[in-house]
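The values are calculated or read from the model by the stated rules, or taken from the named source; none is laboratory data. Remember, predicted model here, so these are calculated numbers, not experimental data. Virtual Cβ from ideal backbone geometry, glycine too; neighbours counted across all protein chains shown. Accessible surface areas use protein heavy atoms only, side chains included; no ligands, DNA or RNA. Shrake-Rupley method; radii C 1.70, N 1.55, O 1.52, S 1.80 Å.
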Amino acid sequence: MTNINRIPWNGAKMVSVGNGDYQVQTNALPDMDVSDAPTGCCPRFDPAGWDGRKLHFENKLFVRATTQSLLHVPLNMGKVFTRVQGHIEDAGAQDPDGYLVLSRDLSATESEHFFAVSDPVQDEEMTTLSGDFITRIFEGPHRKTGDWMHEMEVAAKASGHRVDRVFMFYTTCPKCARAYGANYVVGIAQLDQRSELEA
């Protein structure tokens, strides 16, 4: 029988693999209370348990969507997110225990976003992500994203790895961030499988 311990090491959900050894639970996310949504829009984000996490994905299912930007300032994010979220809800593919949207800039004019889902979503591009990830919590305005990305690269190097890709999880929309008085952003770095010494 598999024994799951909630937070025995570094905030990560772990699974006992026998002989006292543990490994990060595959495709698990930190706990989130999606029922705490007084704005009627985004749930209030509790950063506890999200900082310093180690995540491991194996073919974790996502919807991939792109948005347009002007000098990294989003132009059509609201429209795209509304469309994708509507399709996810129609498909019954939203995880009832939480949500995750990984975002990163491809250029000054285009960004990509990965919406974690439990099942395929019709009329959207489906993809999977696999690998090891580390997380850090940030709080502040969107303009600090470049600094946060650098901090994620430093954190990966400190753990002996290089960064493959850095994503940002913007936990609330601007309107809800103002209502809640905090704009929490989770930096999520996908680690290169080679160590820093091998690179």
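Is there a residue being in a strand (DSSP E or B), of a type in the set (A, V, I, L, M, F, W, C) and open to solvent by 10 Å² or more (accessible area, probe 1.4 Å) anywhere in the stretch 140-157? Before you say what the answer is, go through the steps one by one.
Quick first cut of the stretch 140-157, residues in a strand (DSSP E or B) only: none.
There is no residue in the stretch 140-157 that is in a strand (DSSP E or B), of a type in the set (A, V, I, L, M, F, W, C) and open to solvent by 10 Å² or more (accessible area, probe 1.4 Å).
Screening Gly86 against (1) open to solvent by 40 Å² or more (accessible area, probe 1.4 Å); (2) within 24 Å of Val34 (Cα to Cα) leaves a single unmet condition, (1). Entry remark, the stretch 158-199: residues being within 17 Å of Ser103 (Cα to Cα), assigned to a helix (DSSP H, G or I) and open to solvent by less than 50 Å² (accessible area, probe 1.4 Å) number 0 in total. When the stretch 98-109 is limited to residues that are exposed (fewer than 12 other Cβ atoms within 10 Å of the Cβ) and either under 16 Å from Arg165 (Cα atoms) or in contact (Cβ under 8 Å) with a residue 60 or more places away in the chain (or both), the one that is farthest from the chain's Cα centre (by Cα) turns out to be Ser107.
Residue by residue, here is whether (1) at pLDDT 95 or above; (2) on the phi < 0 side of the Ramachandran plot; (3) among the aliphatic types (A, V, I, L, M); (4) in contact with an Asp or Glu (Cβ under 9 Å, 6 or more places away or on another chain) holds:
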site	(1), (2), (3), (4)
Asp51	no, yes, no, no
Lys54	no, yes, no, yes
Val73	no, yes, yes, no
His87	yes, yes, no, yes
Tyr99	no, yes, no, no
Leu102	yes, yes, yes, yes
Asp119	yes, yes, no, no
Glu153	no, yes, no, no
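Answer yes or no as to whether Met149 is farther than 20 Å from His56 by Cβ and in contact (Cβ under 8 Å) with a residue 24 or more places away in the chain. The answer is yes for Met149.
Cys41 falls short on exactly one of the conditions (1) at pLDDT 95 or above; (2) of a type outside the set (Gly, Ala, Ser); (3) more than 20 Å from Gln190 (Cβ to Cβ), and that condition is (1).
Evaluate the following for Ser195: is it more than 20 Å from the chain's Cα centre (by Cα) and modelled with pLDDT under 95? In short, yes. Taking the criterion of being at pLDDT 50 or above, under 19 Å from Gly98 (Cβ atoms) and either hydroxyl-bearing (Ser, Thr, Tyr) or more than 19 Å from the chain's Cα centre (by Cα) (or both), the residues of the stretch 1-35 that qualify are Thr26, Ser35. Residues that are surrounded by fewer than 19 Cβ atoms within 10 Å (Cβ to Cβ) and assigned to a strand (DSSP E or B) within the stretch 111-133 comprise Glu112, Glu125, Met126, Thr127, Thr128, Ser130, Gly131, Asp132, listed in sequence order. Within the stretch 50-79, being touching a residue at least 24 places away in the same chain (Cβ under 8 Å), assigned to a loop (DSSP other than H, G, I, E, B) and open to solvent by 30 Å² or more (accessible area, probe 1.4 Å) holds for Asp51, Leu71, His72.
Residue by residue through the stretch 30-46, note down the ones that are over 15 Å from Cys173 (Cβ atoms) and open to solvent by 30 Å² or more (accessible area, probe 1.4 Å).
First, the residues of the stretch 30-46 that are over 15 Å from Cys173 (Cβ atoms): 30-33, 35-36, 46.
Once the filter is applied, which keeps residues that are over 15 Å from Cys173 (Cβ atoms) and open to solvent by 30 Å² or more (accessible area, probe 1.4 Å), the stretch 30-46 yields Asp31, Met32, Asp33, Ser35, Asp36, Asp46.
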